[in-house]
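Before any comments, here is the structure.
Where a number appears in this text, it was derived from the coordinates with a stated rule and is not lab data. Quantities reported herein were computed from a predicted structural model and do not represent experimental measurements. Here the Cβ is made from the backbone with ideal geometry for all residues, glycine too, and neighbour counts use every protein chain on show.
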């Protein structure tokens, strides 16, 4: 294989890596440096709450100040995000992001999550119930929503991607589980705004959901003119090298 061909292939790989960027802020919930409970603002995140009793917090301890139930604490650092729901209620922790001048060619979403549940249920409810509080329902979801979607929508026209979760309902706080998924053909388009949402609904018992180390990384499609310039430069370099030989 000739030098220009090798260099071109290498350049394509390097450019793909160079265009990757994390699009979330305060992903470890450390930015506030203190316990925060909605409606007080959480740095880089938005909280939505509906129902009889519940809360969205940034917490450092192992007992929720909302319900008094035990939690797993932080996965790393000092703080973590916490959704705490008792009785018919639902809540979401969300962060919006806007893509730059290029579409996202691929994306990787990861987070650490624990669940604590005190109640009669032994498994999560059917996903078909979404985040409804109009029926007997225990749900946890992580989604990327399109612009304009409501905080609790699970409609297929609003949800661009859902992270597959498999936590267990345990009467003691579970250990953190690390979830990570990568996908291509993301549908994340240049200049458009999207929302990463972590949400739960609970009408049966007491539910605490903790999250930490949330990361969303996207790799954008390189601009054609930039790629052409790099490849042209490598072609010249390869020609000069061949002449020296």
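Things to note:
- Cut-off 14 Å, label 7 Å out along Cα→Cβ of residue 162, residues of the range 128-142 by amide N: 128-132, 138-142
- Rough spin-label spacing in nm, given labels placed 7 Å along Cα→Cβ, for residue 44 and residue 120: 4.2 nm
- Extension gain for residue 185 to residue 135 (0.36 nm times residue separation, less C-alpha to C-alpha distance): 14.5 nm.
- Ranked by how many other beta carbons lie within 10 Å on average, peptides 72-78, 119-125 from highest: 72-78, 119-125
- Take the Cα of residue 35, step 7 Å toward its Cβ, do the same at residue 60, and the gap between the two points is 1.0 nm.
- Sites residue 193 and residue 70, calculated FRET efficiency, Cβ-Cβ separation with R0 30 Å, nearest 0.05: 0.20
- Packing rank of 199-207, 50-58, where each peptide gets the mean count of other beta carbons within 10 Å, highest leading: 199-207, 50-58
- Descending Cα extents along the principal axes, the range 107-174, whole Å: 37, 31, 15
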